[in-house]
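Below is one structure, written out as structure tokens, with a few remarks after it.
What follows draws every value from the coordinates through simple rules; no lab data is involved. Quick caveat, the model's predicted, so the values are computed rather than measured. Here Cβ is always computed from backbone atoms with ideal geometry, including for glycine, and neighbour counts include all displayed protein chains.
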Amino acid sequence: MSYDVIVVGAGSAGCVLAARLSEDASCEVLLLEAGPDYPTRERLPVDIADGTRLPSDRSTSHDWGLVSTPGIGGVPAVPLPRGRVVGGSSAVNGTFALRGFPEDYDAWEAAGNQGWGFSDVLDVFRRLETDLDFADRPWHGTVGPVPVRRHPPTEQSVLAHTFLEAAQKAGHPPLADHNEPGVVGAGPLPVNTLGRLRMSAAITHLEPARGRPNLTVRGHAPVDRVEVVAGRTRGVRLVTGELLGAELVVLSAGAYASPGVLLRSGIGPTEDLAALGVDTVTDLPGVGRNLVDHGLVSVDVAVPAEPVERPNYQTMVTWRSDGGDGPPDLHLFACGPFETRRTRGDRQEARLIVGLVDPASRGQVQLASTDPTTPLHIDPGYLEDRRDLDRLATGVGEIRRILDTEVLRSLAIGEELSPGAHLTEDADLRAALPSLVRTYHHPVGTCRMGTDPDDGAVVDAHGCLHGIGGLVVADTSIMPTIPRANTNLPTLMLAERIAGWLTAHT
Ligand SMILES: Cc1cc2nc3c(=O)[nH]c(=O)nc-3n(C[C@H](O)[C@H](O)[C@H](O)COP(=O)(O)OP(=O)(O)OC[C@H]3O[C@@H](n4cnc5c(N)ncnc54)[C@H](O)[C@@H]3O)c2cc1C
């Protein structure tokens, strides 16, 4: 079988690419996904449909089961959830709908990636969304596929609402719209749910395109590698050995799997490939390097049980921990309350999260084997750079300061279950934090865009792989640096932008 375009991976980016490229009725598009496809909303499993919480059981919930390698300084091996279903991680995520800061995108452009500055991408963010609260603001869109809204105080849990009020009392500037360019402070969290429905890319982008005769969506079709002949892609080979031909292959398998596919195809650092007996097709030292993820730690406390189940994520504080002006480096928010083994009766557990959104540490993804069913070696590099530990510790201190405001004390919050109130000395807290680091779920950067392959660039500013024709990478892996935001909206924006360039050229 041969197609004009094969898109590998039906996640946030892949759904956008398949939908946009198939708008041209003469372009035969095949979208391949390792996980299952649920073609209608009615057939979605409950935890994929329910966007008010993360799927709780990874074994049944369309996950790749990835785990990191242990890090330095006591950072343990941690689970690294990734969606394995049409919709990808957008089908299992927390539905935070944040864009990031102008500085994030201006830095992409300053690194040589023309067309990615904030003034270029703002309009794409606008066209992506229908903001249901702020249609009148010029930086918002009113007709895009992704609905974005904020829970009003009447819908918020007592915990989320009181945390927000306490943060504002503690000096964090109140704000109404976290997506207003450049604002930092405390306000309701923008989310992409409608009612309780998680508006994944499978719904917002793929669903309207499904009826097109020139678009085929194939689930349960894991890709082993890209086939390259004489410097040009010819198609892809599935794990089953089946070969599928295409003029253009768009790799959208995500920040872990996209470098995995490239490495199995002989595209990557020659030394690493040789160590596994893989012949080099193109020596690209940057494949799998430059992994950046937002790490987090949580301050867990016992709180009064809430009788009504509310969405888990409702309010957000962005904060610059050095007290300076400019974009934030931390997210602070309340999550829960939940019933857990640590709380009983009229008490539940709340997690007060410190998310590090401007990490200095870098990790990497490597092949453990040429067998595509063997999990990758993933080292997120959490806390490799000491400054990251400092900022997380400062964030924990800030959470404790907010907990100590009168408004939160009036909630009768109980003991600190973790890291533990006994850790009052800065040195003790810092010693404990590495073992508590987890992912905030936003890996990027492993096939980064840039101009110089010898300097680690894997694709150019349009996503085209350096050194091979007919191969584009379009997903979080090509972000050269990490936005100071949860990465779903930034990925949708990135995919829309690359789809625009591809359709202009074909
Ligand atoms: C638990 C969790 C919570 C999150 N919460 C939020 C949030 O609240 N807000 C936010 O903005 N972001 C959130 N994120 C991050 C966000 O969802 C991701 O950054 C974004 O979805 C990544 O898009 P992507 O297209 O790069 O990859 P993905 O959406 O992960 O898509 C990759 C797709 O490729 C498929 N695939 C992989 N390998 C192969 C292969 N070999 N062959 C075929 N198919 C393959 C995968 O199964 C998957 O469907 C969360 C992520 C997770 C996992």
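In percent, rounded to a whole number, the relative contact order of segment 1-57 is 32, using alpha-carbon pairs under 8 Å and six or more apart. When the Cα positions of 122, 178, 230 are compared along the charge dipole of the chain, 178 comes out farthest toward the positive end, with charges on each C-beta of Lys, Arg, Asp and Glu. The GluC sites (Glu not before Pro) of segment 173-258 that DSSP puts in a loop, and whose beta carbon has at most 16 other beta carbons within 10 Å, are 242. Ranked by the mean number of other Cβ atoms within 10 Å per residue, highest first, peptides 308-318, 287-297, 205-215, 159-169 order as 287-297, 159-169, 308-318, 205-215.
Here the dipole of segment 1-149 is about 440 debye; that uses its Cα centre as origin and unit charges on the Cβ of Lys and Arg (positive) and Asp and Glu (negative).
Only helices enter the 222 nm calculation for the chain: every DSSP H run of n ≥ 4 contributes -39,500 (n - 2.57), and dividing by all residues gives -6500 deg cm²/dmol, rounded to 500. Residues whose amide H lies under 5 Å from that of residue 364, counting only those 5 or more places away or on a different chain, are 291, 379, 381; hydrogens are built 1.01 Å from N in the peptide plane. Amide H contacts of residue 315 (H built 1.01 Å from N, in plane; Pro and chain starts excluded): 189, 334 sit under 5 Å, all sequence-distant by 5 or more or on other chains. DSSP loop (so not H, G, I, E, B), at most 11 other Cβ within 10 Å: list which trypsin sites (Lys or Arg not before Pro) in segment 334-401 pass both filters. Loop-located and lightly packed - 341, 344. Label-to-label distance for residue 103 and residue 130 is 3.5 nm, based on points extended 7 Å past Cα in the beta-carbon direction. With equal scatterers on the alpha carbons only and no solvent term, can you work out the Debye log10 of I(q)/I(0) for segment 2-152 at 0.16 1/Å? Taking Cα atoms of segment 2-152 as identical point scatterers yields -1.19. Think of segment 372-506 as having a plus end and a minus end, set by charges on the Cβ of Lys, Arg, Asp and Glu; of 433, 420, 473, 473 sits farthest toward the positive end of this dipole.
State to the nearest 20 debye the size of the charge dipole of the chain about its Cα centre, where the only charges are +1 on K and R beta carbons and -1 on D and E beta carbons.
The dipole magnitude comes to about 1000 debye.
Work through the residues other than residue 285 whose Cβ is under 10 Å from its Cβ and net out their charges, Lys, Arg +1 and Asp, Glu -1.
Details: positive: 289; negative: 271, 272, 283, 454, 455.
Within the 10 Å Cβ shell, the charges total -4.
Return the Rg/Rh ratio of the chain with Cα-based radii and a Kirkwood Rh. Intermediate values should be presented prior to the final figure.
Details: Rg = 22.1 Å, Rh = 23.0 Å.
Taking Rh as the inverse mean 1/r over Cα pairs, Rg/Rh reads 0.96.
A full extension of the chain between residue 406 and residue 230 corresponds to an added length of 56.5 nm, given 0.36 nm per residue minus the alpha carbon distance.
What helices does the chain have that are whole DSSP H segments, at least 18 Å long along their own axis by Cα, and with mean Kyte-Doolittle hydropathy of -0.5 or more? Can you show the working numbers first?
Numbers: long enough: 386-403 (26 Å, -0.45); 488-505 (26 Å, 0.44).
Sorted by number, the helices that extend far enough and score high enough are 386-403, 488-505.
Only the Cβ atoms of Lys and Arg (+1) and of Asp and Glu (-1) were treated as charged; on that basis the dipole of segment 6-81 about its Cα centre amounts to roughly 260 debye.
Please list, by residue number, every one of the GluC sites (Glu not before Pro) in segment 337-446 that is coil in DSSP and has at most 12 other beta-carbon atoms within 10 Å. Display every interim value, and only then the final one.
Working: sites: 339, 349, 384, 398, 406, 415, 416, 425; in loops: 339, 384, 415, 425.
Answer by residue number: 339, 415, 425.
Compute the FRET efficiency between residue 373 and residue 43 as 1/(1 + (r/R0)^6), taking r as their Cβ-Cβ distance and R0 = 30 Å, and round to the nearest 0.05.
It comes to 0.65.
Each Cα pair under 8 Å and six or more residues apart adds its separation to the average, and for segment 61-105 the resulting relative contact order is 28 percent. Measuring between their Cα centroids, segment 143-197 and segment 75-107 lie 18 Å from each other. Stretched out straight at 0.36 nm per residue, the stretch from residue 26 to residue 72 would grow longer than its current Cα-Cα span by 11.3 nm. Ordering 276, 361, 88 by the projection of their Cα atoms onto the charge dipole of the chain, which places +1 on the Cβ of Lys and Arg and -1 on the Cβ of Asp and Glu, puts 88 at the extreme positive end. For segment 338-382, the relative contact order works out to 28 percent when only alpha carbon pairs closer than 8 Å and six or more residues apart are counted.
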